[in-house]
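Asks: Below: one structure in structure tokens.
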Amino acid sequence: MNKYVKILPKIIISRPIQGYDVTSPSTNHIARCVPEECSAGFTPLIANCQVYRNDRININRRTHNFGGTCIYIKSTIEHHRVPTPELVSMDATIVEIKIGSHPPIKIISAYARAGMTGGFPLVDLQKLLKSGPNVIIAGDLNAAHIAWNSPRTSFYGRKLFNYLQGINGINVLAPHSPTHINLHTWDAVIDLAILKRIPFHSQIRVKNDLNSDHLPVILTLDTGSFPIYSPEHFSTNWENFRHILSFKPLPPCKITSNDDADNAVGCLSKILKETLAEASTQKFNDPPEKLPIGIRDKIHLRNYFRRQWQRTRDPEFRREFYRIKDEIAEETKRHLLQKRAEQIASLTPDSRSLWRRSKLLRKPYSPIPPLRGETGYPALAPIEKAEVLADSLRKQFEPNTDPIFDNPIVSGKVHEAVESFANSPHINNLSSVTASEVFDFIKTLKPNKSPGLDQISNRMLKNLPLKFILYITFLMNVLMQNCYFPKCWKTAVVVPIPKPNSDLSLPQNYRPISLLSCLSKVFESVLLRRLNQFLDDNNIIISEQFGFRKKLSTNHQLVRVTELIHDGFEKSETTGALFLDIAKAFDKIWHDGLLLKLMRLGVSAQLIKILRSYLTSRNFQVRINHIISSPRPILSGCAQGSLLCPTLFNICVNDIPKTRSCHLAIFADDTAILTKHKDPRTIITRLQHYISQLQLWLTDWKIKVNPNKCACLLFTRKHYIPPLPSLEIFGQPVPRIFDYKYLGLHPDPKLSFNIHINNAIQKATIASTQLSSLVARWSTLPIKHKILLYKAIIRPVLYVWFPSLGINITNEHQEIASFSEQATYAHR
């Protein structure tokens with residue numbers, strides 16, 4: 001036997017003598033696929049493994065077997081053999097394995113016969129690739145190519161390489177060192193692994209342990225790992241955590257390069273996670289609660305009468321059996337209802353059990369359905385879904401590449417200006433970080449927030465001893481002096497959030513929420529404080545921007561807009577509003593353009609260089625059910641969830657065009673352009689003139705809007721509006737509508753808010769129905785907690801906007817007052 005293969009949940013395919021082995025770190029070897037060169041009828045056995053072989057049949061003077069392929073697979077693995085298609089110039093054995101919740105994978109031990117006149121047998125390879133949606137073909141393919149780490153390209157290798165280049169979803173893995181040792185010519189890599197729709201992390205390597213012309217090859221496929229620490233699975237003694245950590249040595253303090261900084265951050269994270277493991281114990285589920293002794297006795301009696309009736313067929317035993325069975329069902333139902341009532345009565349806001357139950361009722365967990373990826377096959381397993389979403393988000397995190405934005409001359413000049421600035425000398429003029437600054441920010445952190453990829457949680461930071469606070473302060477100062485943002489803080493764990501009222505089988509209908517390292521947020525807070533100080537001191541952010549600014553909210557912007565419209569009503573004027581929809585506003589920020597704007601604003605060169613390090617070389621991984629996808633690069637945008645993202649976005653749109661005849665109302669990426677006049681035609685002309693200036697600005701800074709999602713709305717008390725021409729953005733018409741949701745409010749042309757009130761009542765009714773088990777009159781929840789839920793969840797849906805807009809609900813909108821009274825009475 002020359003070759004073999006092993007397979008596991010983290011799968012490895014290797015060849016001890018001449019073959020591939022598939023294994024996992026979490027289990028033992030799964031299978032061994034062996035292109036064989038042993039005599040017919042002789043099958044070497046391996047303990048706890050089953051063997052499947054296909055012998056090559058040669059019909060010459062007499063029929064005999066020689067060579068072929070073979071697979072050894074661990075007996076405990078769920079698997080079955082798959083018939084091999086008819087092949088001409090290749091030998092193959094196929095076994096389909098099932099590992100956990102992952103989709104079935106077909107493992108194919110293959111051998112491509114050398115010396116075929118037509119070159120590599122592509123027809124046979126196509127049959128093997130079409131044998132299933134998830135396929136691994138591993139073995140001696142006799143195909144050497146420089147792209148696969150061979151010093152030369154063979155005839156087989158050239159033909160195979162050209163064929164695979166045109167197929168999507170195919171990945172070829174080749175070791176970095178030769179797999180075939182040839183004393184007469186040159187060593188080559190001819191043992192390859194061809195992966196079709198295998199979305200796992202992969203590594204491949206050669207082992208030099210055996211004296212053979214074919215060296216062992218190990219292919220490792222990581223099918224996903226669980227986080228090291230999940231709060232729901234462990235219980236931590238935080239006093240013990242602080243005590244253990246106080247005796248731990250600090251990471252190295254000698255940091256002279258960026259690599260030293262990365263090592264220091266990694267060492268700090270390692271120390272914190274080791275301490276957490278020492279101070280934590282695994283949680284165990286409570287044993288199921290037993291039924292009351294009276295019900296259990298009746299169950300025993302019921303079983304007795306059933307046995308007697310089955311033995312004797314006496315009708316009396318049958319009647320007694322059904323009578324006691326009905327009694328058990330009734331008493332069990334009463335017991336469960338009483339137990340549920342006691343659980344509801346025990347809910348309190350102080351222990352957060354009340355809020356957890358209400359959240360579960362309003363937003364029940366719904367798993368992500370099978371996703372339709374680019375390959376056409378549905379993604380079923382969590383790792384497949386994560387990879388499909390990662391591929392979709394990768395395009396989302398790339399700059400806009402539409403032809404109108406594609407100006408290589410301008411982009412090149414901007415990039416050269418940024419690179420020249422980054423390489424120029426600067427003065428470190430940012431104030432040093434103090435321990436009190438770090439400590440004050442850590443105190444404001446919410447302890448229950450999810451950690452990033454490094455698993456360092458906010459609660460861990462809140463329990464750090466003083467010496468580690470001082471070390472973090474020292475580390476922040478070194479990073480600021482070096483103008484460097486560590487690499488390990490640049491990986492975001494993206495949690496997909498489904499968009500409401502959309503087809504959830506499409507990966508583009510999910511919003512990315514980034515979970516970042518909590519340590520990186522400490523450094524971000526330091527940078528954000530200095531950036532905001534510069535922006536406030538120089539009054540840079542325009543007054544029309546109300547998003548992410550102190551003492552400003554959506555209510556303030558809505559008051560400003562409605563006052564502008566009411567002012568037009570008093571002057572018998574019509575107010576025209578153009579609502580813009582920016583496509584992927586935060587995810588499409590052009591990095592070089594943003595840095596150029598910071599340079600023009602005169603921001604500290606030291607801070608700009610740190611922000612450049614912060615923005616570049618970032619990547620993300622999608623997480624579904626604790627399964628992590630492989631990393632993807634982030635080429636544009638800011639991570640939604642970072643502290644710097646909102647302020648950087650405000651800077652990005654801060655130079656939006658202004659005109660004297662139009663008013664801007666901006667809240668983050670929600671933008672409205674308003675203008676007033678008695679003649680509606682003049683309004684359309686003014687808005688179209690503003691659009692012509694806006695288009696130039698959008699093109700210069702690679703910002704894309706969706707014309708079909710933008711809207712034009714005329715606010716007027718006139719009974720008749722003459723036909724008006726449509727507004728156009730980049731040649732596409734903007735729809736004119738009579739209702740638009742702006743900052744959560746539904747304004748209508750006469751500003752009566754009837755549509756918004758009906759929506760508010762509908763949402764409040766849904767919320768009240770969802771919470772009926774807690775707030776209904778028959779609920780055992782204390783009355784004070786019912787009122788608390790009403791005030792905290794139901795009433796804000798009704799009243800959230802009206803006090804800020806100055807509307808007297810009691811007098812003007814009796815339907816809301818009526819619903820509020822009915823809800824209050826029902827909850828008492």
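The values are calculated or read from the model by the stated rules, or taken from the named source; none is laboratory data. Since the structure is predicted, the reported quantities are computational estimates derived from the model, not experimental observations. So basically every Cβ, Gly included, is an ideal-geometry build from the backbone, and we count neighbours across all protein chains shown. All accessible areas refer to the heavy atoms of the entire protein, side chains included, with ligands and DNA or RNA removed. Shrake-Rupley method; radii C 1.70, N 1.55, O 1.52, S 1.80 Å.
Asks: Got a sec? Which of Ser630, Ser636, Ser604, Ser613 is among the small types (Gly, Ala, Ser), farther than 26 Å from Thr554 by Cβ and touching a Lys or Arg at 6+ places or on another chain (Cβ under 6 Å)?
Replies: Ser636
Asks: Applying the selection to region 99-117, what residues are open to solvent by 60 Å² or more (accessible area, probe 1.4 Å) and within 40 Å of the chain's Cα centre (by Cα)?
Replies: Result: Gly100, Ser101.
Asks: Output the number of the condition that Ser269 fails; it satisfies all remaining conditions of (1) part of a helix (DSSP H, G or I); (2) farther than 30 Å from Gly452 by Cα; (3) not basic (Lys, Arg).
Replies: So Ser269 meets the others, but not (2).
Asks: Taking region 238-283 only, how many residues are free of Cβ contacts under 8 Å to residues at least 40 places away in the same chain and not hydroxyl-bearing (Ser, Thr, Tyr)?
Replies: Total meeting the criteria: 17.
Asks: So, of the residues in region 581-613 that are among the acidic types (Asp, Glu) and open to solvent by 10 Å² or more (accessible area, probe 1.4 Å), which turns out to be farthest from His663 (Cα to Cα)?
Replies: By that ranking, first place goes to Asp592.
Asks: Looking at region 389-409, can you tell me whether even one residue there is touching an Asp or Glu at 6+ places or on another chain (Cβ under 6 Å) and not assigned by the TED database to the domain that holds Ser202?
Replies: yes
Asks: Quickly run through region 739-759 and pick out the residues that are in a helix (DSSP H, G or I) and within 37 Å of the chain's Cα centre (by Cα).
Replies: Across region 739-759, the qualifying residues are Ile755, His756, Ile757, Asn758, Asn759.
So that you can scan it fast, the table gives a plain yes or no per residue for (1) in contact (Cβ under 8 Å) with a residue 60 or more places away in the chain; (2) open to solvent by 70 Å² or more (accessible area, probe 1.4 Å):
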position: His689; (1), (2): no, yes
position: Gln693; (1), (2): no, no
position: Trp697; (1), (2): no, no
position: Asp700; (1), (2): yes, yes
position: Ile703; (1), (2): yes, no
position: Asn706; (1), (2): yes, no
position: Cys710; (1), (2): yes, no
position: Lys718; (1), (2): yes, yes
position: Pro723; (1), (2): no, yes
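Asks: Further, regarding this structure: If you go through region 406-414 one residue at a time, do you hit one that is assigned to a helix (DSSP H, G or I) and either in contact with a Ser or Thr (Cβ under 8 Å, 6 or more places away or on another chain) or crowded, with 17+ Cβ neighbours inside 10 Å (or both)?
Replies: yes
Asks: Ser572 is checked against (1) open to solvent by less than 50 Å² (accessible area, probe 1.4 Å); (2) farther than 16 Å from Ser642 by Cβ; (3) in a loop (DSSP other than H, G, I, E, B) and fails just one. What number does that condition carry?
Replies: So Ser572 meets the others, but not (1).
Asks: Looking at Ile589 and the list (1) more than 27 Å from Lys709 (Cβ to Cβ); (2) in contact (Cβ under 8 Å) with a residue 60 or more places away in the chain; (3) of a type in the set (A, V, I, L, M, F, W, C), which single condition is not satisfied?
Replies: Checking Ile589 against (1) more than 27 Å from Lys709 (Cβ to Cβ); (2) in contact (Cβ under 8 Å) with a residue 60 or more places away in the chain; (3) of a type in the set (A, V, I, L, M, F, W, C), the one that fails is (1).
Asks: In addition: Do any residues in region 284-310 that are surrounded by 11 or more Cβ atoms within 10 Å (Cβ to Cβ) have Cβ atoms under 8 Å from those of residues that are part of a loop (DSSP other than H, G, I, E, B) and modelled with pLDDT of 90 or more, where the two are at least six apart or on different chains, and which pairs are they?
Replies: Every condition considered, the pairs that remain are Gln308/Asp314.
Asks: Another question about this same structure. Tyr690: touching a Leu at 6+ places or on another chain (Cβ under 6 Å), of a type in the set (Phe, Trp, Tyr) and under 30 Å from Asp655 (Cβ atoms), yes or no?
Replies: no
Asks: Let me ask another. Identify the single condition in (1) at pLDDT below 85; (2) open to solvent by less than 50 Å² (accessible area, probe 1.4 Å) that Trp186 does not satisfy, given that it satisfies every other one.
Replies: Among (1) at pLDDT below 85; (2) open to solvent by less than 50 Å² (accessible area, probe 1.4 Å), the lone unmet condition for Trp186 is (2).
Asks: For the structure I just gave you, tell me whether Ala767 is small (Gly, Ala, Ser), open to solvent by less than 40 Å² (accessible area, probe 1.4 Å) and under 30 Å from Glu570 (Cα atoms).
Replies: Here the answer is no, as Ala767 does not meet what is asked.
Asks: Also: Would you point out which residue out of Leu564, Leu578, Leu558 is under 30 Å from Ile721 (Cβ atoms), touching a residue at least 60 places away in the same chain (Cβ under 8 Å) and open to solvent by 10 Å² or more (accessible area, probe 1.4 Å)?
Replies: From the options Leu564, Leu578, Leu558, the qualifying one is Leu564.
Asks: Find the residue count for region 348-388, including only residues that are in a loop (DSSP other than H, G, I, E, B) and of a type outside the set (S, T, N, Q).
Replies: Matching residues across region 348-388 total 16.
Asks: Let me ask you something else. For region 439-490, name all the residues that are more than 25 Å from Ile513 (Cβ to Cβ), among the aliphatic types (A, V, I, L, M) and in a loop (DSSP other than H, G, I, E, B).
Replies: Within region 439-490, Leu464 is the sole residue that qualifies.
Asks: For region 242-256, indicate whether the set of residues that are at pLDDT 85 or above, loosely packed, with under 13 Cβ neighbours inside 10 Å and part of a helix (DSSP H, G or I) is non-empty.
Replies: no
Asks: I need the full set of residues from region 486-519 which are touching a residue at least 24 places away in the same chain (Cβ under 8 Å), closer than 25 Å to Thr375 by Cα and open to solvent by less than 40 Å² (accessible area, probe 1.4 Å), in order please.
Replies: Scanning region 486-519 gives Val493, Val494, Val495, Pro496, Ser505, Pro507, Tyr510, Pro512.
Asks: Now a separate question. Please enumerate the residues belonging to region 126-158 that are crowded, with 21+ Cβ neighbours inside 10 Å and either outside the structural domain of Thr93 (by the TED database) or free of Cβ contacts under 8 Å to residues at least 40 places away in the same chain (or both).
Replies: His145, Gly157
Asks: Another question, if that's okay. Take Phe649 and tell me if it is under 21 Å from Thr401 (Cβ atoms), assigned by the TED database to the domain that holds Leu694 and in contact (Cβ under 8 Å) with a residue 24 or more places away in the chain.
Replies: yes
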